[in-house]
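K.L.:
One structure is given below, represented as structure tokens, and several questions about it will come after.
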Amino acid sequence: MAATARVADGPALTPDGSAPTPGVSGPVTKRGPWRTGLLLASPAIAVLALLFIAPLFMLVYNSFRTQSGDPTLHNYTRFLGDSFYRDVLWHTLWIGALTTLGCLVVGYPFAVYLRGRSPRARNYLSLVLLSPLLISMVTRAYGWLVLLGPKGPIADGFHALGQDAPKMLYNDTAVVIGMVHVMLAYMVLPLMGSLDPIDPALTPAAKGLGASGWTCFWRITVPLSLPGMLAGSLIVFSLTVSSFVTPAILGGPTVKLMPYFVYTEATSNLNWPYAAAIGFVLIVVTTILTAVYARLLRGRGDKEVFA
């Protein structure tokens, strides 16, 4: 009876029979998952809006202005109507494509090799892979300037064989070599993320059904790793076409890409609206090409996997 009285004299129970939470006067309402997600993402959204969306809006706004502030389309007609700038745009995209292909050719075998290694070996090899990112871009570029120079170790190797060393500086080859060295990690890491989840039993099962090792690679490993190839290619291509330091140092006065002209128009000619137009054209063209590439690669991946 005493225990019953204490329960009766105590606080009112909730409808489900449990005691109410101390300090809460009423029922607790659950916040929707989308509200919780929005609340957690709000700092990142604010940073993205402040550091990316707002500058991009100002870039587009200034590209339709003259230096005196009047609205105009002259910046775009000047760029699109000049064959010189169109050739520079094409050359920039070509360098980006070559760098992406080089990173894929070098990075895919390396990622496949890492997949079968022990965790300790993977850690050491990953450190080697990421080591270029720990060094300044200028330092990396000048390192290649020494290696590829007429008196560098590569040229000395040709001379030791009795051959004339080819010109390896201030051309597209030097720029692509330097960019592949910089961007290789951005290709290998997404590839590792796609290769690791592949079931190791798929290849032995396919071989048991009569498939050769080469067939297993092309019909199983490659299609299942297409998401990593897509992610790595988009990252490498986007970063390459917007790079300035490495192409400027290794390309010298003969290799001029779009970022160089953005820099020149903004700092030397002080023509900020035209520099904004060049930059926005590069952004639009790069976005269109990456979207088409992603669509084609995804469609091919679906056909290969479900064929």
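K.L.:
Six or more apart or on different chains, Cβ under 7 Å: which pairs go from a residue in the stretch 258-275 that's part of a loop (DSSP other than H, G, I, E, B) to one that's among the polar types (S, T, N, Q)? Could you list them?
P.N.:
So the pair list comes out as ASN271/GLN67.
K.L.:
Which ones in the stretch 166-218 are open to solvent by 40 Å² or more (accessible area, probe 1.4 Å), farther than 21 Å from GLY107 by Cβ and touching a residue at least 40 places away in the same chain (Cβ under 8 Å)?
P.N.:
Answer for the stretch 166-218, where residues must be open to solvent by 40 Å² or more (accessible area, probe 1.4 Å), farther than 21 Å from GLY107 by Cβ and touching a residue at least 40 places away in the same chain (Cβ under 8 Å): just TYR170.
K.L.:
Exactly one of these conditions fails for THR215: (1) more than 30 Å from ARG86 (Cβ to Cβ); (2) in contact with a helix residue (DSSP H, G or I) (Cβ under 6 Å, 6 or more places away or on another chain); (3) among the β-branched types (Val, Ile, Thr). Give me its number.
P.N.:
All conditions pass for THR215, except number (2).
K.L.:
Sort through LEU133, LEU127 and tell me the only one that's assigned to a helix (DSSP H, G or I), open to solvent by 50 Å² or more (accessible area, probe 1.4 Å), in contact (Cβ under 8 Å) with a residue 24 or more places away in the chain and out of contact with any strand residue (DSSP E or B) (no Cβ under 6 Å at 6 or more places or on another chain).
P.N.:
Criteria check complete, one pass: LEU133.
K.L.:
Here's another thing I want to ask about it. Considering only residues that are in contact (Cβ under 8 Å) with a residue 60 or more places away in the chain, open to solvent by 60 Å² or more (accessible area, probe 1.4 Å) and under 17 Å from the mean Cα position of the chain (by Cα), which ones fall in the stretch 219-257?
P.N.:
PRO227, the sole residue that qualifies.
K.L.:
So, one more: Out of the stretch 181-209, which residues are under 18 Å from VAL112 (Cα atoms), among the aliphatic types (A, V, I, L, M) and under 15 Å from the mean Cα position of the chain (by Cα)?
P.N.:
MET183, LEU184, ALA185, MET187, VAL188, LEU189, LEU191, MET192
K.L.:
Give just the number: which of (1) in contact with a strand residue (DSSP E or B) (Cβ under 6 Å, 6 or more places away or on another chain); (2) open to solvent by 70 Å² or more (accessible area, probe 1.4 Å) does PRO273 not satisfy?
P.N.:
Answer for PRO273: the failing condition is (2).
K.L.:
Considering only residues of the stretch 32-77 that are part of a helix (DSSP H, G or I) and touching a Phe, Trp or Tyr at 6+ places or on another chain (Cβ under 9 Å), which is surrounded by the fewest Cβ atoms within 10 Å (Cβ to Cβ)?
P.N.:
Start the filter on the stretch 32-77 by keeping residues that are part of a helix (DSSP H, G or I), which leaves 33-63, 74-77.
Pick out the ones that are also touching a Phe, Trp or Tyr at 6+ places or on another chain (Cβ under 9 Å) and you get 56, 59-60, 62-63, 74-76.
On the way: LEU56: 13, LEU59: 16, VAL60: 15, ASN62: 20, SER63: 22, HIS74: 15, ASN75: 23, TYR76: 16.
Filtering first and then ranking leaves LEU56.
K.L.:
Within the stretch 136-152, can you find the residues that are loosely packed, with under 11 Cβ neighbours inside 10 Å and outside any loop (DSSP other than H, G, I, E, B)?
P.N.:
THR139
The values are calculated or read from the model by the stated rules, or taken from the named source; none is laboratory data. Note that the structure is a prediction, hence the values are computed from the model and not measured. Positions of Cβ are backbone-derived with ideal geometry, glycine not excepted, and every protein chain shown enters the neighbour counts. Calculation scope for accessible area: heavy atoms of the full protein, side chains included, ligands and nucleic acids excluded. Shrake-Rupley method; radii C 1.70, N 1.55, O 1.52, S 1.80 Å.
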